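Colleague: One structure, as structure tokens, below. Some questions next.
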Amino acid sequence: MDRIIRGAKILWNFFGNTLTVTALPNNAIRVKLSRRMHSTPGSHAFLWVPAIRWVESHPFTLLSSNPSEFVIRVYDGFTRDLYKAAQASPGRSLRCSVDGAYGQVPNFKVFDKVVLVAGGSGASFTFAIALDLIDASKKAVKSIDFIWIVRHQESLEWFAQELKQLQSHPEVNVQIYVTGQTDLSGTSSPTSPDSLSEKVPVKDDVVPAEPSLVFSTNDPEKGVEQQSTDNISSSVNQILSGRPNIGNLIAAAATGSGNLDDRVIVGACGPSTLMSTTREAVNNELLNGGPSITLYTEVS
């Protein structure tokens, strides 16, 4: 019965619905639908594109519902074929349908302090939550700590527009950690909001790791990407090299206001190892007598 209902929804939403897909750096795509969806932030929907895979639909986290957009990491199969279609015909419209949205996510608006942690493309979830919070008509949330961990700096282009939106709100503290290494110039250096080559001191909440991605400015093939990532970097509070100490970050965020009565929620989405680390950090903070913390995680 469930499959029949899902099939009926997909057929109903197929009429008059199209998408455009844009290829992004570092194996990702942005998918934008012509019809909006009614959904809650952080929910997911099944996407069907018959020109790509006739008998398959796949679930993805919604970045926004008006317009309906997804940012999707490219792997094999359906996402790889969609990526190839975007490369072959940029701006091409494809007939599509969606089934959803699904998922029960906590109401982040009832908390005083929100901490959002994401790894890679799991940021679709945390961006959806954060953008909804700053757009709320009554902003009950006092502060939002937005922590995003990526392997390569070029992945920041996946959410360039959303990063600028978050940075324009003083209650949002954006911290990005770049863990990978692709230094074309033969030297390595941490990144910062002002300069990709400016030295950033190692802090207690950063575990030194492989240096972050730095493009050589004399590489003609990377010139455009260098300029793009520089622009994104200038709109972010902190871009640090290495893996973050999640425990220290959550402890600092939870107790930063000095008010143990503040309602705190940690929302996280990413690889299973990051989710395990986040759960352990929250448990340790509770055992250490910190404020009450609600935890919500999703594995991407």
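Nothing in this text is a laboratory measurement; each read-out follows from the coordinates by a stated rule. Computed from a predicted model, the values in this text were never measured in an experiment. Counting neighbours? That spans all protein chains shown, and the Cβs are built from the backbone with ideal geometry, glycine included.
Colleague: Considering amide H positions built from the backbone, and no H for Pro or chain starts, which residues 5 or more places from Glu298, or on another chain, come under 5 Å of its amide H?
Modeller: The answer is Ala268, Cys269, Gly270.
Colleague: Tell me, Tyr102, Tyr75 in order of fewest to most beta-carbon neighbours within 10 Å?
Modeller: Tyr75, Tyr102
Colleague: If packing is taken as the mean number of other Cβ atoms within 10 Å per residue, what is the order of 283-291, 248-256, highest first?
Modeller: For the peptides 283-291, 248-256, the packing ranking is 248-256, 283-291.
Colleague: Using θ = phi - 60° and the Karplus relation 6.51 cos²θ - 1.76 cosθ + 1.60, list the HN-Hα couplings for the stretch 238-250 in order, rounded to whole Hz, with x at every Gly or Pro.
Modeller: With coefficients 6.51, -1.76 and 1.60, one gets 9, 10, 10, 8, x, 8, x, 8, 4, x, 5, 5, 5 Hz.
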